[in-house]
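Notes follow the structure.
The values are calculated or read from the model by the stated rules, or taken from the named source; none is laboratory data. Since the structure is predicted, the reported quantities are computational estimates derived from the model, not experimental observations. Cβ sites come from the backbone with ideal geometry, for glycine too, and all protein chains shown count toward neighbours. Note: accessible area is taken over every heavy atom of the protein model, side chains too, but ligands, DNA and RNA are not part of it. Shrake-Rupley method; radii C 1.70, N 1.55, O 1.52, S 1.80 Å.
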Amino acid sequence: MVKYNPQKIEKKWQGKWYNSNIFKAQDFSKKKKFYALVEFPYPSGDGLHVGHCRSYTALDIISRKKRMEGFNVLYPMGWDAFGLPAENYAIKMGIQPSITTKKNTANYKKQMQRLGYSFDWNREINTTDPKYYQWTQWIFLKLFEKGLAYKEKMAINWCPKDKIGLANEEVIAGKCERCGIQVQKKEKEQWLIKITKYADRLIKDLDSVDYPERVKIQQKEWIGKSEGAEIEFILNNFKKTIKVFTTRPDTIFGCTFLVLAPEHSIIEKVKNSILNWQEVEQYIIKTKDKSDLQRQENQNDKTGVELKGVKAVNPADKKEIPIFIADYIMINYGTGAIMAVPADDKRDEEFAKKFNLPIVRDYQRAGFEDFGKKTVQYKLRDWIFSRQHYWGEPIPMVFCQVCNWVPVPEKDLPVQLPKVKKYQPTDTGESPLAVMEKWVNVKCPNCGGVAQRETDTMPNWAGSNWYFLRYTDPKNSKKLSDEKKLQYWMPVDWYNGGMEHTTLHLLYSRFIFKFLYDIGAVPKSLGFEPYKKRTSHGIVLGQGGVKMSKSLGNVVNPDNVIKQYGADTLRVYEMFMGPFEQMIPWDEKGIIGARRFIEKVYTVCLKGDFSKPNSTLDIQINKTIKKVGEDIELMKFNTAISSLMILVNSFFEEKELLTKENIKSLLLILSPFAPHLAEELWERIGFKGLCSNQKWPQYNTTLIKEEKVLLIVQINGKVRDKVEIMADKNQKEVEEIILQTPKIKNLIGSISIKKIIFVPNKLINVVL
RNA sequence: GCCCGAGUGGCGGAACGGUAUACGCACAACACUUAAAAUGUUGCGAGGUUUCCUCAUGUGGGUUCGACUCCCACCUCGGGCACCA
């Protein structure tokens, strides 16, 4: 027998699959469609990571099974290739990002093909391709046209190391998500997208999709809807009011003071009446210098200053109350002002105690709208869409002194990213594109006068917002995708990706899909949600449970694993190592188990001589077909493989008695996991066609039933005996049997039986 | 502080309220071999008076004939949010 040689076998079958295009998704096929999607990677210089493989292998298994079940499967792949690393590399080496991107994507593709993934490579897309980002820009124009994109000067999160503005979602605990550096505040003109307008729908429509509950909860909490009321407080002696937002308008009789964010605009307006202006001004300056994180540091030690000489009137009891500014009030939530009810709110209570303010208990309750108007507030902010970097989609806008911001006409798209010599972002926060005078200076599309292009580029989420739509029609030059093709393929039936994208990509792309729906760019019949079902894989940790990272030198490269053990082994190992949605450490030793299993299959299939056909294994085979099929649907890959292992162990014990049909069933259910091995054995044993093109086997329900069962005998809930009896015996029959066995008879002795609990074919419990 | 999730052998982990520890790794003994590797066979939670019994699924209670599983309280770890009014 020829020794198992995965390198040779895998190369052979990859050649056959990819040359004969068997994974091609057919537009408008009569078969039922199935759209499986994994998050497309950023093609870094380091190559594919074993963490990527976990997600891709899982949906590859599902896709392969669905094809065998007769579905027309779309399982596409592409490249989310705009981003900082390529730009940083360009800065370091002076090489065009487009060149490194090309090199990296070629490497990634080769690596993916080495793993035998059944992607339809005819539909490969790349977000940096002008033919692709033309439509990313087009979506921006539409957002602008509908008033959902606007430019505003605002304090943004600025990373001093990456020299880039960040969206709120990209700031983790006050630090840059990428480099971990403390984020600063910087005033800049920024493009913003009104995702807040969709906040309600982004919450509500979660009810209609199949996502893990924790993903739904996280998204809802991120959007942070709270219902309350806005109440106006009149300033004494001024013709001015302060609006506060509260979720507890019923507690207004307990309000004994107001607190404003130090940035509140009313302060400037009543400045002249503030008796302690110097003190107030100093506090405002001090607050400005603090980052959001520093502001949060002293949660238990509240600071603030009273605006002396200015008082407000509580509209409920008409009493005069003092006004404070304090940095525990945030300007960008609610109205930037609160009514403090120290009897009911812990923070207000703390503040009141520190400043000796009255705390009124036992106050009268008010109705929800007695003194104000019902409103809704969200924590979600509008999405900062400008980045001061080179390697991104140019924002297709032109600034004209006369006409203000003018969109580039659709017919002039794409606005191509020009080649530059210097990629460095600048300390002033201006994009490297700003120095490209030839590119920047254009005629105003509106009046023909002197105008300049926007030099900021889009964030790297822009391209991934809608990529799943492009796969349905990747080469269309007239539209982002043909309506009929969208109609056929969408929605995505199953989308797997990382938990880290819950409040980023997943939320953004849901929003953009709703927007495209609203403007009619996707067919109305598709509904509001792009992804029917979302699942998440657990990340792969390094040996010993630490994070895999370059600096620790514990990153596992799939190429090395494939070289040493083979792609089928890697696939099986990654699915076997633990529950799919759970974080799991890589274990170099564990791979050996997967390899032994593969070799065992190889040996047992080729050693059978099939001369003494027997079928003692039929029951077990049918049970395994059922178990593996069900487990794949539930992403319980680890137990699916475990049951395959058990079956193969049985095959091994009875290898002289195996039939060709036995082997056939095994190969079919094994093929999604270890497709190369399955194809090779399929051919060697002499079955026709490609194993990947076969029908998924049906299990025989009558064959799943055992004739004999092992029945557990308990006394007082403790296992005392096990008896093998014919299946489907009733309680009386079983009682007769077990009460006669010497062991049980002995244990019961003369004690009287209180009760007998009987579970058919499983258990009998005698209660004494 | 709030919201999720998880605690089971030496390790990764299995287990519709019904045989706890499947499957795999590691380990040990044996077989094959001049030898090693590979492979195969057997054993492998702890303890005991060892055909059998007792105790073990983070801790303490509860429900139940029966609890890793359900309920209550607590401890530890991981993730998310966080002065959000």
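Among the aliphatic types (A, V, I, L, M), at pLDDT 95 or above and more than 16 Å from RNA strand B (Cβ to nearest atom): does that describe A:Ile203? Answer is no for this residue. Quick one: which of A:Arg54, A:Arg64, A:Arg114 is open to solvent by 20 Å² or more (accessible area, probe 1.4 Å) and touching a residue at least 60 places away in the same chain (Cβ under 8 Å)? The conditions single out A:Arg114.
For A:Leu357, the conditions (1) open to solvent by less than 10 Å² (accessible area, probe 1.4 Å); (2) away from RNA strand B (no atom under 14 Å from the Cβ); (3) over 40 Å from the mean Cα position of the chain (by Cα); (4) among the aliphatic types (A, V, I, L, M) all hold with the exception of (1). Restricted to strands (runs of 3 or more DSSP E) entirely inside the range A:361-414, those with at least 1 residues that are away from RNA strand B (no atom under 16 Å from the Cβ) are A:397-400, A:404-407.
State all residues of the range A:409-460 that are on the phi > 0 side of the Ramachandran plot and at pLDDT 85 or above; if no residue qualifies, say none.
Within the range A:409-460, just A:Gly448 meets the criteria.
Can you name the residue in the range A:705-731 that is within 13 Å of RNA strand B (Cβ to nearest atom) and of a type in the set (Asp, Glu) and, of all such residues, is surrounded by the most Cβ atoms within 10 Å (Cβ to Cβ)? Here the residue is A:Asp721. For the range A:516-543: of the residues being charged (D, E, K, R) and in a loop (DSSP other than H, G, I, E, B), which is nearest to A:Asp482 (Cα to Cα)? By that ranking, first place goes to A:Glu529.
From the list A:Lys269, A:Lys290, which one is open to solvent by 70 Å² or more (accessible area, probe 1.4 Å) and under 48 Å from the mean Cα position of the chain (by Cα)?
Testing whether each residue is open to solvent by 70 Å² or more (accessible area, probe 1.4 Å) and under 48 Å from the mean Cα position of the chain (by Cα) leaves just A:Lys269.
Annotation: of all residues in the range A:438-473 being basic (Lys, Arg) and over 23 Å from A:Ser509 (Cβ atoms), the one that is most open to solvent (accessible area, probe 1.4 Å) is A:Lys438.
For A:Met645, all conditions in the list (1) more than 10 Å from RNA strand B (Cβ to nearest atom); (2) modelled with pLDDT of 95 or more; (3) farther than 20 Å from A:Ser63 by Cα hold save one; what is the number of the exception? Single failed check for A:Met645: (1).
The residues of the range A:732-768 that are loosely packed, with under 11 Cβ neighbours inside 10 Å and within 12 Å of RNA strand B (Cβ to nearest atom), listed by number, are A:Pro742, A:Asn746, A:Lys754, A:Lys755, A:Lys762.
Pick from the range A:149-185 the residues that are within 14 Å of A:Met397 (Cα to Cα) and touching a residue at least 60 places away in the same chain (Cβ under 8 Å): which of them is surrounded by the fewest Cβ atoms within 10 Å (Cβ to Cβ)? Taking the candidates together, the pick is A:Lys151. Just one of the listed residues (A:Lys695, A:Lys688, A:Lys664) is surrounded by 15 or more Cβ atoms within 10 Å (Cβ to Cβ), at pLDDT 90 or above and within 30 Å of A:Lys65 (Cβ to Cβ), and it is A:Lys664.
In the range A:479-513, the qualifying residues are those that are of a type in the set (D, E, K, R) and closer than 16 Å to A:Trp222 by Cβ, and the one that is surrounded by the most Cβ atoms within 10 Å (Cβ to Cβ) is A:Arg510. Candidates A:Glu430, A:Glu393: the one that is of a type in the set (Asp, Glu), more than 18 Å from A:Tyr35 (Cα to Cα) and buried (at least 22 other Cβ atoms within 10 Å of the Cβ) is A:Glu393.
All of A:Glu574, A:Glu588 fail the test of being of a type in the set (Asp, Glu), within 14 Å of RNA strand B (Cβ to nearest atom) and surrounded by 15 or more Cβ atoms within 10 Å (Cβ to Cβ), apart from A:Glu574. For the range A:7-34, taking the residues that are buried (at least 20 other Cβ atoms within 10 Å of the Cβ) and touching a Lys or Arg at 6+ places or on another chain (Cβ under 9 Å), the one that is farthest from A:Asn465 (Cα to Cα) is identified as A:Glu10. Close Cβ contacts (under 6 Å, 6 or more residues apart or on different chains) running from residues in the range A:334-347 that are more than 13 Å from A:Val259 (Cα to Cα) and touching a residue at least 40 places away in the same chain (Cβ under 8 Å) to residues that are β-branched (Val, Ile, Thr) and more than 7 Å from RNA strand B (Cβ to nearest atom) comprise A:Ala343/A:Ile359; A:Ala343/A:Val360; A:Asp344/A:Thr251.
Residue selection: A:Asn88 fails the criterion of being assigned to a helix (DSSP H, G or I), in contact (Cβ under 8 Å) with a residue 40 or more places away in the chain and open to solvent by 50 Å² or more (accessible area, probe 1.4 Å). Name every residue in the range A:632-665 that is under 26 Å from the mean Cα position of the chain (by Cα), of a type outside the set (A, V, I, L, M) and not in a helix (DSSP H, G or I), in order of residue number. Across the range A:632-665, the qualifying residue is only A:Lys636.
Filtering the range A:218-236 down to residues that are closer than 21 Å to A:Leu357 by Cβ and more than 14 Å from RNA strand B (Cβ to nearest atom), which residue is surrounded by the most Cβ atoms within 10 Å (Cβ to Cβ)?
A:Leu235
Conditions (1) over 30 Å from A:Lys532 (Cα atoms); (2) in contact with a Leu (Cβ under 8 Å, 6 or more places away or on another chain), marked per residue:
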{"residue": "A:Lys11", "(1), (2)": "yes, no"}
{"residue": "A:Gln26", "(1), (2)": "no, no"}
{"residue": "A:Lys33", "(1), (2)": "no, yes"}
{"residue": "A:Leu37", "(1), (2)": "no, yes"}
{"residue": "A:Phe40", "(1), (2)": "no, no"}
{"residue": "A:His49", "(1), (2)": "no, no"}
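Of the helices (runs of 4 or more DSSP H) that lie entirely inside the range A:234-339, those containing 2 or more residues that are more than 26 Å from A:Gln182 (Cα to Cα) span A:266-269, A:277-289.
Comparison of A:Tyr132, A:Tyr108 shows that the only residue that is of a type outside the set (A, V, I, L, M), over 18 Å from A:Ser55 (Cβ atoms) and either open to solvent by less than 30 Å² (accessible area, probe 1.4 Å) or free of Cβ contacts under 8 Å to residues at least 12 places away in the same chain (or both) is A:Tyr132.
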